[in-house]
Amino acid sequence: MLPADPTTAPAWSWNLIANVQEMWSFPFMVNAFRAGAIAAVVSAAMGYFVVLRRQTFAAHTVSTVAFPGAAGAILLGFSAVYGYFAVCVAAAVVIAALGWRGGGADESALTGTVQAFLLASGFLFIALYKGLLGGPQSILFGTFLGITTAQVNVLLAVGAVVLAVLALIGRPLLFASVDPQVAAGRGMPVRALSVAFLVLLGAATAEASQITGTLLVFALMVVPAATAQTVTARPGAGMALAVLLALAATLLGLTTAYYCPYPLGFFVTSYAFAGYLLALSGRALHGLFRRIGSPFPDKEATA
């Protein structure tokens with residue numbers, strides 16, 4: 001854990017190498033950085049398609065049900081990581097099944113109802129097992145404590161599978177995401193691609209939830225991807241930028257959380273949100289300078 005004397009908090013210094021050496025002298029911090037890096041890469045890659053396909057509500061639903069999954073797993077004597085994956089993937093399959101039946105308002109209402117019930121069930125599981133890490137905070141808002149080497153290996157294996165499948169279906173999925181009607185007209189299995197993507201989304205959400213918590217999973221799943229798509233419309237460059245932004249937010253968040261006694265999820269979310277604000281500001285300034293610099297903005301826009 002942290003220093004032997006619990007009253008002595010880690011002290012930040014401007015010697016960055018010494019800071020890294022201090023953090024990585026603890027096995028739990030090494031595991032946290034490994035798990036964070038894996039979750040960031042997988043979440044950003046999946047998040048790019050989440051934003052492109054406008055399925056942020058689906059990502060929110062899957063992340064919400066991760067909470068009762070983790071709480072229920074611990075209540076039954078299993079590691080929370082298995083609860084994350086089991087319930088997130090199951091929820092993704094249910095959402096895919098509802099989409100096959102037509103979606104619309106009925107789907108949204110049913111999804112919201114199930115979401116509320118499962119969230120209440122999670123708090124019931126916590127009440128039944130009072131030793132759950134002192135309460136729901138670590139599950140809801142993330143923690144870097146208690147991540148074991150075995151859990152990192154599970155994350156690595158699942159992440160590798162998710163990225164491999166995403167690479168396999170990436171090109172047709174991109175086409176189906178941009179213009180599903182034309183893709184279906186050309187004989188692409190749009191529904192099968194949607195189901196496969198949602199299952200991958202469940203696995204990626206389960207990974208991110210262990211770093212940011214179930215309520216702040218958008219910090220890795222959506223914000224870096226939204227920031228990247230604000231900067232560039234090119235899929236390859238956008239996905240690469242999303243991965244870099246997610247990695248930066250996660251590693252900076254872990255470092256800050258090591259030196260500050262506040263939830264990890266807050267720091268990861270704050271850094272990701274700051275990047276999004278910078279991207280929006282940069283785009284707004286670029287547009288302003290173009291209008292100021294051009295004596296005929298309307299003619300230039302229509303050229």
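Overview of values
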{"read-out": "From Val89, Val42, Val30, residue being within 24 Å of the chain's Cα centre (by Cα), of a type outside the set (Lys, Arg) and more than 21 Å from Phe267 (Cβ to Cβ)", "value": "Val89"}
{"read-out": "Within region 74-95, considering residues that are open to solvent by less than 10 Å² (accessible area, probe 1.4 Å) and of a type in the set (A, V, I, L, M), the one farthest from Thr113 (Cα to Cα)", "value": "Val81"}
{"read-out": "Breaking point among (1) touching a residue at least 40 places away in the same chain (Cβ under 8 Å); (2) out of contact with any Gly (no Cβ under 9 Å at 6 or more places or on another chain); (3) not hydroxyl-bearing (Ser, Thr, Tyr), for Ala92", "value": "(2)"}
{"read-out": "Any pair with Cβ under 6 angstrom, 6 or more apart, that starts in region 164-182 at a residue that is free of Cβ contacts under 8 Å to residues at least 40 places away in the same chain and ends at one that is open to solvent by 50 Å² or more (accessible area, probe 1.4 Å)", "value": "Pro172/Met188; Ala176/Met188"}
{"read-out": "Count - residues of region 190-236 that are open to solvent by 10 Å² or more (accessible area, probe 1.4 Å) and either in contact with a strand residue (DSSP E or B) (Cβ under 9 Å, 6 or more places away or on another chain) or closer than 17 Å to Gly275 by Cβ (or both)", "value": "9"}
{"read-out": "Checklist (1) of a type in the set (Ser, Thr, Tyr); (2) open to solvent by less than 60 Å² (accessible area, probe 1.4 Å); (3) modelled with pLDDT of 85 or more applied to Thr143, failing item", "value": "(3)"}
{"read-out": "Residue within region 81-90 that is within 25 Å of Ala257 (Cα to Cα), among the aliphatic types (A, V, I, L, M) and in contact with a helix residue (DSSP H, G or I) (Cβ under 6 Å, 6 or more places away or on another chain) present", "value": "yes"}
{"read-out": "Unique match (being modelled with pLDDT of 90 or more, of a type in the set (A, V, I, L, M, F, W, C) and out of contact with any Gly (no Cβ under 7 Å at 6 or more places or on another chain)) among Ala18, Ala11, Ala44", "value": "Ala44"}
{"read-out": "Failed criterion for Ala127 (all others in (1) at pLDDT below 85; (2) open to solvent by 40 Å² or more (accessible area, probe 1.4 Å); (3) in a loop (DSSP other than H, G, I, E, B) hold)", "value": "(3)"}
{"read-out": "Qualifying residue in region 270-287 (condition: in contact with an Asp or Glu (Cβ under 9 Å, 6 or more places away or on another chain) and either at pLDDT below 80 or not acidic (Asp, Glu) (or both))", "value": "no"}
{"read-out": "Matching entry among Leu247, Leu277 (being farther than 20 Å from Gly146 by Cα and open to solvent by 60 Å² or more (accessible area, probe 1.4 Å))", "value": "Leu277"}
{"read-out": "The lone exception for Gly187 - which of (1) part of a helix (DSSP H, G or I); (2) open to solvent by 60 Å² or more (accessible area, probe 1.4 Å) it fails", "value": "(1)"}
{"read-out": "Residue selected from region 96-124 under the condition open to solvent by 40 Å² or more (accessible area, probe 1.4 Å) and closer than 13 Å to Ala66 by Cα, by the criterion modelled with the lowest pLDDT", "value": "Val114"}
{"read-out": "Inter-residue pairs, beta-carbon under 9 Å, first modelled with pLDDT of 90 or more and in region 28-40, second among the charged types (D, E, K, R), 6+ apart", "value": "Ile38/Glu207"}
{"read-out": "Residues of region 221-248 satisfying the condition of being touching a Gly at 6+ places or on another chain (Cβ under 7 Å), aliphatic (A, V, I, L, M) and assigned to a helix (DSSP H, G or I)", "value": "Met221, Ala225, Ala228, Ala242, Leu245"}
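The values are calculated or read from the model by the stated rules, or taken from the named source; none is laboratory data. Note that this is a predicted model, so its numbers are computed, not measured. Backbone-built Cβ (ideal geometry, glycine too); neighbour counts: all protein chains shown. In case anyone asks, the SASA skips ligands and DNA or RNA and just uses the protein heavy atoms, side chains included. Shrake-Rupley method; radii C 1.70, N 1.55, O 1.52, S 1.80 Å.
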